[in-house]
2 protein chains.
Amino acid sequence: MTPDPEQSLELTTRLRDAGLRVTSPRLAVLASLPDRHHLDVETIARAARGRLGSLSIQAVYDILRALTDAGLVRRIEPAGSPALYETRVGDNHHHVVCRSCGTTADVDCAVGHRPCLTPSDSSGFVLDEAEVTFWGLCPACQSTPSTRISPGRNAS
Amino acid sequence: MTPDPEQSLELTTRLRDAGLRVTSPRLAVLASLPDRHHLDVETIARAARGRLGSLSIQAVYDILRALTDAGLVRRIEPAGSPALYETRVGDNHHHVVCRSCGTTADVDCAVGHRPCLTPSDSSGFVLDEAEVTFWGLCPACQSTPSTRISPGRNAS
DNA sequence: TTAGTTTTCTTGACTGACTCCAGAAAACCT
DNA sequence: AGGTTTTCTGGAGTCAGTCAAGAAAACTAA
């Protein structure tokens, strides 16, 4: 899996623009995060190693933290799963999680703009974000109901 | 801290109605979950031990799982904190979490009934729950901005 | 009310996700 | 190229939570 030079250049620019130094592990991690996917640390590490040859799991954690802090990736933590990372940032979209297999997909909330950011009574809190997680069954798990892969913590 | 007999009776009924056997650890755990509070397992264990004398942490986990499965308590897992338990169930209310100290409070969402349960495109998922977590600063942390107690994972 | 059955509790080992640390290596900036 | 800053490696450690097996307790029915 040789790196696509055009993509590398684009990713290099993204890193620099965010004020981060450009390193091959960082490029590999960024390149391993395809649009519209939500990957856990292990999966990202495996993909990045496929590009680099080797990369410690610790480096992956550090890189993901730096990228998250810099706003290049977003971290989500659905109940019962390890953290997931995605590259779609800056629009506060939401997520659907399958109770059966844990698959996660993006959703745009229907109710106007910045939905739910104005609860009737916020107990004096000053809010800066509304995070919505939808729970349900993905298309695949609707037809094969008992193929439970991940815990699906909230199922009763 | 001797148990209030009236409360015990009420809790006993609640357990029986849910089809659960009545044990003193279960009563102690239920009694340790005050309305409108969100407590973690350690805190619940400490409170329950105050009533019973002793109780293993494992028993607390088991009891909380049984109570959750039976629908007597609700478990929430805000990103970056251990699981929290509350006794307000059956109304799918939402939560505000303080980024600074981790304090959690209930909120009723303002946007109509079952807000956001109809995203514009749910990618074929069949949804059964919309979970909303608001992030911000609690009243106390607005005045003392740097008193960070819990991690507050999502802060940049 | 007591035996028998089922469920629950205790203890202790274990796992997964993640963090912290110190030294080695690499990238940026003249 | 040299110096400084930042990042990466490897290993130990933490925290939340699970698993397993035997002991204890609660329900059920004679």
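The values are calculated or read from the model by the stated rules, or taken from the named source; none is laboratory data. Predicted model, so just to flag it, every value in this text is computed and none were measured. Quick reminder, even Gly has a Cβ in these numbers, built from the backbone with ideal geometry, and neighbours come from all protein chains shown.
Laid out as a table, the results:
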quantity: Flag for residue B:35 being more than 14 Å from DNA strand D (Cβ to nearest atom) and modelled with pLDDT under 85; calculated: no
quantity: Meets criteria (of a type in the set (S, T, N, Q), in a helix (DSSP H, G or I), in contact with a helix residue (DSSP H, G or I) (Cβ under 9 Å, 6 or more places away or on another chain) and within 12 Å of DNA strand C (Cβ to nearest atom)) for residue A:12; calculated: yes
quantity: Qualifying residue in the stretch A:15-25 (condition: more than 13 Å from DNA strand C (Cβ to nearest atom) and of a type in the set (A, V, I, L, M)); calculated: no
quantity: Selection count, the stretch B:45-62, where residues are within 11 Å of DNA strand D (Cβ to nearest atom) and within 15 Å of residue B:86 (Cα to Cα); calculated: 3
quantity: Number of the condition not met by residue A:94 [criteria: (1) within 26 Å of residue A:137 (Cβ to Cβ); (2) more than 10 Å from DNA strand D (Cβ to nearest atom); (3) surrounded by 16 or more Cβ atoms within 10 Å (Cβ to Cβ); (4) over 12 Å from the mean Cα position of the chain (by Cα)]; calculated: (4)
quantity: Answer residue from the stretch B:53-71, given it is within 12 Å of DNA strand C (Cβ to nearest atom) and surrounded by 17 or more Cβ atoms within 10 Å (Cβ to Cβ) and is nearest to residue B:98 (Cα to Cα) among those; calculated: B:64
quantity: Which listed residue is within 9 Å of DNA strand C (Cβ to nearest atom) and not hydrophobic (A, V, I, L, M, F, W, C), from A:75, A:49, A:36; calculated: A:75
quantity: All positions within the stretch B:75-100 that are free of Cβ contacts under 8 Å to residues at least 24 places away in the same chain and touching a Cys at 6+ places or on another chain (Cβ under 9 Å); calculated: B:93
quantity: Cβ-Cβ under 6 Å pairs, at least 6 apart or on other chains, the stretch B:47-74 side farther than 14 Å from residue B:23 by Cβ, far side within 10 Å of DNA strand C (Cβ to nearest atom) and not in a helix (DSSP H, G or I); calculated: B:49/B:55
